[in-house]
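The values are calculated or read from the model by the stated rules, or taken from the named source; none is laboratory data. This is a predicted model, so every value here is computed, not measured. Cβ: placed from backbone, ideal geometry, glycine included. Neighbour counts: every protein chain shown.
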Amino acid sequence: MQAKLIDGKALAAQVKAEAAAEAAALKAKGVTPCLAVVLVGEDPASQVYVRGKAKDCGECGIDSRVIRLPEATTQAELLALVAELAADRAVNGILVQLPLPAHIDEKAVIDAIPPEKDVDGFSPVNVGRMQIGEPCYLPCTPAGCVRMIESTGASIDGKHAVVIGRSNIVGKPAALLLLAKNATVTICHSHTANLKELCRSADILVAAVGKAGFVTGDMVKPGAVVIDVGINRGADGKLHGDVDFAAAAEKAAFITPVPGGVGPMTRAMLMKNTVQAAALQNGLA
Ligand code: NDP
């Protein structure tokens with residue numbers, strides 16, 4: 001392996017330490033940041049994510065309120081809870097864990113979270129603000145990717161960044177954030193004709209496809225920075241990224257592992273957003 005590893009766990013610890021310091025400064029001024037996490041149903045992966053978020057809050061000096069609701073919760077009941085949390089001045093951030101059960105309209109729920117408490121950065125107002133470069137809560141996974149790229153010391157400015165995937169939560173915002181850093185950005189998706197060639201010309205390659213080992217070694221430009229967002233549970237029960245790590249690491253200059261890469265950074269960025277929300281809502285930003 002020639003690539004240097006971008007250690008998501010270590011970088012996440014650094015980001016969480018920053019969030020903890022900011023939370024402590026707010027506490028000294030009488031404000032304790034608080035994140036409300038709402039979990040509907042019994043999805044095992046969601047349970048793990050929610051437990052992780054509560055643990056991160058504890059480590060950062062952020063209060064967490066985890067509200068678990070049964071699978072049979074109606075959309076009206078969930079919207080009523082979101083409205084209650086929206087009106088609660090002690091709650092700075094509201095996160096509704098996705099996916100929601102099929103009978104609930106995810107969009108209606110996300111839209112009900114007021115933009116100033118939307119620490120996931122998924123609401124249309126935050127997405128719009130990000131697009132026009134106004135201050136907003138950046139979506140955690142793409143913001144974590146950018147922070148990881150910057151941690152390498154490699155410049156983003158003027159580089160060709162290829163993002164594979166165009167979802168609203170990862171691919172599109174990752175492309176926008178890289179564009180804001182002056183990269184020349186190509187977004188690839190399932191209809192892209194010459195994907196391999198495009199990837200081969202990427203100085204920065206972000207894979208957010210959801211297919212284990214999708215990015216093969218021959219798709220990586222020598223010296224590239226490779227960010228693997230994918231989390232795929234293999235038949236072996238283990239987590240695999242979207243990138244063939246061993247082959248890509250032979251070519252890349254920097255690469256993120258899975259697990260221990262983008263995942264921990266996503267969680268850490270949520271802590272930053274929550275502290276930022278508390279500061280903004282209390283006129284202390
Ligand atoms: P989506 O399924 O919403 O999006 C996948 C994207 O990949 C789509 O834009 C799709 O294109 C594209 N795609 C699928 N197949 C191909 C193909 N053969 N060639 C080119 N593009 C293709 O997934 P998400 O964006 O939500 O997540 C992507 C991955 O990242 C998943 O593994 C997910 O688990 C992981 N993830 C990890 C996080 C973390 O914290 N580490 C956080 C969030 C997600 P099209 O639009 O044309 O269908």
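Of everything in the range 197-211, what is touching an Asp or Glu at 6+ places or on another chain (Cβ under 7 Å) and either within 16 Å of Ala252 (Cα to Cα) or part of a helix (DSSP H, G or I) (or both)? Give them in sequence order.
Once the filter is applied, which keeps residues that are touching an Asp or Glu at 6+ places or on another chain (Cβ under 7 Å) and either within 16 Å of Ala252 (Cα to Cα) or part of a helix (DSSP H, G or I) (or both), the range 197-211 yields only Ala207.
Give the range 42-57 a look and list any residue that's within 28 Å of Glu22 (Cα to Cα) and either at pLDDT 95 or above or surrounded by 13 or more Cβ atoms within 10 Å (Cβ to Cβ) (or both), or say none.
Ser46, Gln47, Tyr49, Val50, Arg51, Gly52, Lys53, Ala54, Lys55, Asp56, Cys57
Anything in the range 242-274 that is over 27 Å from Glu59 (Cα atoms) and of a type in the set (Gly, Ala, Ser)? List them, or say none.
Listed by number, the residues that qualify are Ala246, Ala247, Ala248, Ala249, Ala252, Ala253.
Select from the range 152-173 the residues that are buried (at least 17 other Cβ atoms within 10 Å of the Cβ) and either among the small types (Gly, Ala, Ser) or within 16 Å of the ligand (Cβ to nearest atom) (or both) and list them in ascending order.
Correct list: Ala161, Val162, Val163, Ile164, Gly165, Arg166, Ile169, Val170, Gly171, Lys172, Pro173.
Please identify the pairs in which a residue from the range 162-175 that is closer than 12 Å to Cys199 by Cβ has its Cβ atom under 6 Å from the Cβ atom of a residue that is more than 9 Å from the ligand (Cβ to nearest atom) and assigned to a loop (DSSP other than H, G, I, E, B), counting only partners at least 6 apart or on another chain.
Val162/Ala202
Could you list all residues from the range 228-285 that are part of a strand (DSSP E or B) and surrounded by 17 or more Cβ atoms within 10 Å (Cβ to Cβ)?
If the condition is that a residue be part of a strand (DSSP E or B) and surrounded by 17 or more Cβ atoms within 10 Å (Cβ to Cβ), then Asp228, His240, Val243, Phe254, Ile255 are the ones that fit.
Just checking, which of Val229, Val209 is within 17 Å of Val170 (Cα to Cα), within 8 Å of the ligand (Cβ to nearest atom) and either out of contact with any Ser or Thr (no Cβ under 8 Å at 6 or more places or on another chain) or acidic (Asp, Glu) (or both)?
Just a single option satisfies the conditions, and that option is Val209.
Taking the range 1-56, which residues are β-branched (Val, Ile, Thr) and either outside any strand (DSSP E or B) or in contact with a Lys or Arg (Cβ under 7 Å, 6 or more places away or on another chain) (or both)?
Ile6, Val15, Val31, Thr32, Val37, Val48, Val50
Every residue in the range 71-88 that is aliphatic (A, V, I, L, M) and part of a helix (DSSP H, G or I), please.
Ala76, Leu78, Leu79, Ala80, Leu81, Val82, Ala83, Leu85, Ala86, Ala87
Filter the range 212-226 down to the residues that are more than 14 Å from the ligand (Cβ to nearest atom), in a loop (DSSP other than H, G, I, E, B) and surrounded by 17 or more Cβ atoms within 10 Å (Cβ to Cβ) and list them by number.
Answer for the range 212-226, where residues must be more than 14 Å from the ligand (Cβ to nearest atom), in a loop (DSSP other than H, G, I, E, B) and surrounded by 17 or more Cβ atoms within 10 Å (Cβ to Cβ): Val220, Lys221, Ala224.
Sort through Ala21, Ala12, Ala25, Ala76 and tell me the only one that's aliphatic (A, V, I, L, M) and under 16 Å from the mean Cα position of the chain (by Cα).
Among Ala21, Ala12, Ala25, Ala76, only Ala12 is aliphatic (A, V, I, L, M) and under 16 Å from the mean Cα position of the chain (by Cα).
Evaluate the range 189-199: report whether one residue or more is within 17 Å of Pro139 (Cβ to Cβ) and among the β-branched types (Val, Ile, Thr).
no
With modelled with pLDDT of 95 or more, within 28 Å of Met271 (Cα to Cα), in contact with a Phe, Trp or Tyr (Cβ under 7 Å, 6 or more places away or on another chain) and aliphatic (A, V, I, L, M) as the only criterion, which of Ala180, Ala207, Ala175 stands out?
Sole residue among the options that is modelled with pLDDT of 95 or more, within 28 Å of Met271 (Cα to Cα), in contact with a Phe, Trp or Tyr (Cβ under 7 Å, 6 or more places away or on another chain) and aliphatic (A, V, I, L, M): Ala207.
Scan the range 118-142 and report the pairs whose first residue is touching a residue at least 60 places away in the same chain (Cβ under 8 Å) and of a type in the set (Asp, Glu) and whose second residue is in a loop (DSSP other than H, G, I, E, B) and within 15 Å of the ligand (Cβ to nearest atom), with Cβ atoms within less than 8 Å and a gap of 6+ or a chain change.
So the pair list comes out as Asp120/Pro139.
Go through the range 177-195 and report how many residues are in contact with a helix residue (DSSP H, G or I) (Cβ under 6 Å, 6 or more places away or on another chain) and more than 10 Å from the ligand (Cβ to nearest atom).
Residues meeting the conditions: 3.
Return yes or no: is Ala90 touching a residue at least 24 places away in the same chain (Cβ under 8 Å), within 16 Å of the ligand (Cβ to nearest atom) and not charged (D, E, K, R)?
No; evaluated as a whole, the condition is false for this residue.
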